[in-house]
Amino acid sequence: MKILVPISKVPDTTSKIAFTDGDSKFNEEGIQWIVNPYDEWYALVRALELVEAGGGTVTVINVGDATADPVIRKALALGANEAVRVDVNPSDSYVIAKEIAAYANDKGFDMVLLGKETISYNGSEVGGMLAEFMNLPYISLASKLEVNGDTATLDRSIEGGSEVVEVKLPLVASASKGMAEQRIPNMRGIMAARSKPLTVVPASGAEAKTAYVKYGLPAPKSAVKLVDPENMDELVRLLHEEAKSI
Amino acid sequence: MSVLIVVDTKNGEVKKSSLEAAQYGASVAASLGGEAVALTLNANNAEVLGTVGVNKVLNVTDASVSASDPQKVVAAIVAAANKVGAKVVVFAHDSTGKAVAPRLSAKSGAGLVTNVTSLPNLASGFVVSKNVFSGKAHADVNILSDEKIVSILPNAFGVKAGEGSASVEAFSVDVSGINSGITVKEVKGGNSKVVPLPEAELVVSAGRGLKGPENWGMVEEMAEILGATTACSRPVADIGWRPHHEHVGQTGVAIRPNLYIAIGISGAIQHLAGVNGSKVIVVINKDPEAPFFKAADYGVVGDAFEVVPRLNEAFRKFKAANG
C-alpha cells in the first residue's frame, strides 16, 4: 500500500504565542518547531503501522520553505520512507491542498492520511479540500482505521459518538486522537533519516483565497476571586447572581 | 445577495450548532441586504429556523444526502446556492461543517474561514475573526474570492430565538450520479441524551488530582445535578481513566461553555488553550500555586474530596429552590 501523509510545521505546544510587525505576523523568535501532533501522533504512526503489517511505503509531504526540513527529517526518523517538500509559502489551506493534490494526483496513492487539524491555524480544511481536488471520498475526524484488501473501515467522530463507515480505497482521511499512539524516534531511525530522500519540488502556482490581516491575544482575565472552601453556598450564589452562569 | 446556511439535523431535529449558524447567517444577510435561506438535511422541524431570522428553508428529504457522504451534500449546496443566488455559505464548525465545507471550497473556489467568532466586517472586504493557536490567539482573515464560506465556532454567539417564521419547501437534488463508495455500517452513541462537549453550555472536568477513575462518581454527580457534560484533562485520558472523547485541551476537544468547572487540574498551557474560551471558569485545586488559578474567575483552594461533595450539596439545594 502506498500512503501519503501531509505534515505541517507548527510551534511546540508550550510556545508562548506573540505577534510582530504591527500584529500582522506570528513572532517566530525562540520558537521550537514540531510536526503538527495530529499529523505525527495519529496519521503518520497509523500509516507506519499499516505498512509494517501489510507492506508498502509511507511518503510524507510538506508545503513550505526550507525551514520545514528539520521537522520533515523527524517524520523520516519515525519511519517514513521518503519525503517531498513543495517549495512555496503555505499562505492558506487552499494553497496547501491544491499544491499537495498537484503533486499527488498521478502518483497512485492508495490513501492520504493527515491530522484532523493543525494546532496553529486549527482549520480542519486541508483534508476535505484535498479530497475534492483528488476526487476521492473523505472521512473526517477518524479515530480508528483498519484496512482489509481494498476496503477501509473507519470510525468517524460525530457529536456524542461515532459512526462506523466502510469505504473503498483510495481515500482521504483525517486522523483524531485514538487512531494510534505517539512514537519516539530511536537512534537508528534518526541516523537512517539522514540518508532518506527529501525531494524538493516547485509549486504549481495555486493562489490563496484568504489573507490573514491581523492577529491578537485574548484580553487578560481579571484576578481570580477566591471562595472559602467551607462555604460552597457562597460559590453557588456567585455563579447564579454575579456570573449568571447557572 | 442572499446567504445560504447549511443546517444539519440529528434524528430529524435541527442541531443546536446549526441553529446558531442560521442566526449568524440571518445577520449577515441583513447587513448585505439579502435573504437568509437555509438548506436543511432531512429536517422535521425546519420551521424553527424562522425564530432566528431565516426567511426561507429548502429541505432535502433524501436520507443519502448526509454529512457521512460529503460529496452528496456539496452537490445539494451547489444546486441550492445556484437556485437562490447565494454568494455566502454559512456552516457550523461541527462534524458536519468539517466534513463538507472544505470540499465545497475546493469545488467552488470560494474562500473558506473556519472557527469563526465574529460577524464579517464589510468595510474593507469580508473580514472575520477566527480562533488560532488553539484559542491562545485570534486572527482577522479577509476572504478574497467573490463567493465566501464561513464556518462558525459552536457557542461563540449563543442562540437568541425570537418570533418569526420561515417558509419551508421541499428541495430535491439528483445525487444518483455520485458514487463515493461510503457506506455507514453502524452509529455508536450518537443518540445519547448527554449534550456533546463542543455544544455544552455547562462542563464539569477533572484531572489527575482525583487520584483514580474510581473517584469520578462525585464529578458525574455534579454533572447530573447541573445537566452538565463531563470532561477531563489529557493525562487522565492517556492513562485510560476516562475515554479519549472527554479530553479537552489543545490536542483534544476545544470548548467554550458558559461555565467550566475544573477539579484537580493544574492548568497546563495546553489544557488552557482548549478551555480559555469558556465564559466563566471555576477552579478547585488544593495547590494555591496551580497555574489554572490565573485563568480562573472563581477559585477554591481546597481538597477536592472535601470541596466537591460540599459543592454538590450546595448545587442540589440551589436546584431545589430554583427549579
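The values are calculated or read from the model by the stated rules, or taken from the named source; none is laboratory data. Predicted model only: the values in this text are computed from it and were never measured. Neighbour counts are summed over all protein chains in view; Cβ atoms, including those assigned to glycine, are modelled from backbone coordinates with ideal geometry. Accessible surface is based on the protein model in full, side chains and every heavy atom, while ligands, DNA and RNA are left aside. Shrake-Rupley method; radii C 1.70, N 1.55, O 1.52, S 1.80 Å.
Just one residue in the set B:VAL65, B:VAL57, B:VAL28 is in a loop (DSSP other than H, G, I, E, B) and touching a residue at least 40 places away in the same chain (Cβ under 8 Å); that residue is B:VAL65. Taking the criterion of being at the interface with another protein chain (Cβ under 7 Å from one of its Cβ atoms) and either part of a helix (DSSP H, G or I) or of a type in the set (Ser, Thr, Tyr) (or both), the residues of the range A:109-125 that qualify are A:SER120, A:TYR121, A:SER124. Among the residues of the range A:1-16, the ones that are buried (at least 21 other Cβ atoms within 10 Å of the Cβ), among the hydroxyl-bearing types (Ser, Thr, Tyr) and in contact (Cβ under 8 Å) with a residue 40 or more places away in the chain come to 1 in all. If a residue has to be open to solvent by 80 Å² or more (accessible area, probe 1.4 Å) and either more than 29 Å from A:ILE139 (Cα to Cα) or modelled with pLDDT under 90 (or both) to count, how many in the range B:198-212 make the cut? Result for the range B:198-212: 2.
Residue check: B:TYR260 meets all listed conditions (1) of a type in the set (Phe, Trp, Tyr); (2) in contact with a Pro (Cβ under 9 Å, 6 or more places away or on another chain); (3) within 13 Å of chain A (Cβ to nearest Cβ) but one, namely (2).
Of everything in the range B:295-306 that is within 7 Å of another protein chain (Cβ to nearest Cβ) and under 31 Å from the mean Cα position of the chain (by Cα), the residue that is most open to solvent (accessible area, probe 1.4 Å) is B:ASP297. Note on the range A:133-155: residues that are aliphatic (A, V, I, L, M) and not in a strand (DSSP E or B) amount to 2.
Restricting attention to the range A:189-233 and to residues that are polar (S, T, N, Q) and open to solvent by 50 Å² or more (accessible area, probe 1.4 Å), the residue that is nearest to A:PRO6 (Cα to Cα) turns out to be A:THR199.
Taking the range A:209-226 as the range and being touching a Phe, Trp or Tyr at 6+ places or on another chain (Cβ under 6 Å) and either closer than 26 Å to B:GLU306 by Cβ or not aromatic (Phe, Trp, Tyr) (or both) as the test, the residues that pass are A:LYS209, A:VAL224, A:LYS225.
Only strands (runs of 3 or more DSSP E) whose full extent lies in the range B:113-197 are considered here, and the ones with at least 2 residues that are modelled with pLDDT under 95 and surrounded by fewer than 18 Cβ atoms within 10 Å (Cβ to Cβ) are B:182-188.
So which strands (runs of 3 or more DSSP E) stay within the range B:208-292 end to end and still have 3 or more residues that are within 27 Å of A:ALA180 (Cα to Cα) and under 22 Å from the mean Cα position of the chain (by Cα)?
B:229-232
Quick one: in the range A:68-94, which of the residues that are of a type in the set (Val, Ile, Thr) and farther than 21 Å from A:ASP12 by Cα is most open to solvent (accessible area, probe 1.4 Å)?
A:VAL88
Against the condition open to solvent by less than 20 Å² (accessible area, probe 1.4 Å) and either among the aliphatic types (A, V, I, L, M) or facing another protein chain (nearest Cβ under 7 Å) (or both), how does B:ILE284 come out, does it pass? Spelling it out, B:ILE284 is indeed open to solvent by less than 20 Å² (accessible area, probe 1.4 Å) and either among the aliphatic types (A, V, I, L, M) or facing another protein chain (nearest Cβ under 7 Å) (or both). When residues in the range A:156-173 are screened for being without any contact (Cβ under 8 Å) to a residue 40 or more places away in the chain, in a strand (DSSP E or B) and either open to solvent by less than 30 Å² (accessible area, probe 1.4 Å) or basic (Lys, Arg) (or both), 8 of them pass. Considering the range A:29-100, the qualifying strands (runs of 3 or more DSSP E), each wholly inside and each with 3 or more residues that are farther than 27 Å from A:VAL147 by Cα, run over A:82-87. Note on the range A:186-227: residues that are part of a loop (DSSP other than H, G, I, E, B), within 14 Å of chain B (Cβ to nearest Cβ) and of a type in the set (Gly, Ala, Ser) amount to 5. Checking each residue in the range B:48-83 for being open to solvent by 30 Å² or more (accessible area, probe 1.4 Å) and more than 14 Å from chain A (Cβ to nearest Cβ) picks out B:VAL48, B:THR51, B:GLY53, B:ASN55, B:LYS56, B:THR61, B:ASP62, B:ALA79, B:ASN82, B:LYS83. With respect to the conditions (1) without any contact (Cβ under 8 Å) to a residue 60 or more places away in the chain; (2) open to solvent by 30 Å² or more (accessible area, probe 1.4 Å); (3) not basic (Lys, Arg), B:ALA254 lacks only one, and its number is (1). Scanning the range B:165-201 for residues that are in contact (Cβ under 8 Å) with a residue 12 or more places away in the chain and closer than 21 Å to B:HIS244 by Cβ returns B:GLY190, B:ASN191, B:VAL194, B:VAL195, B:PRO196, B:LEU197, B:PRO198, B:GLU199, B:ALA200.
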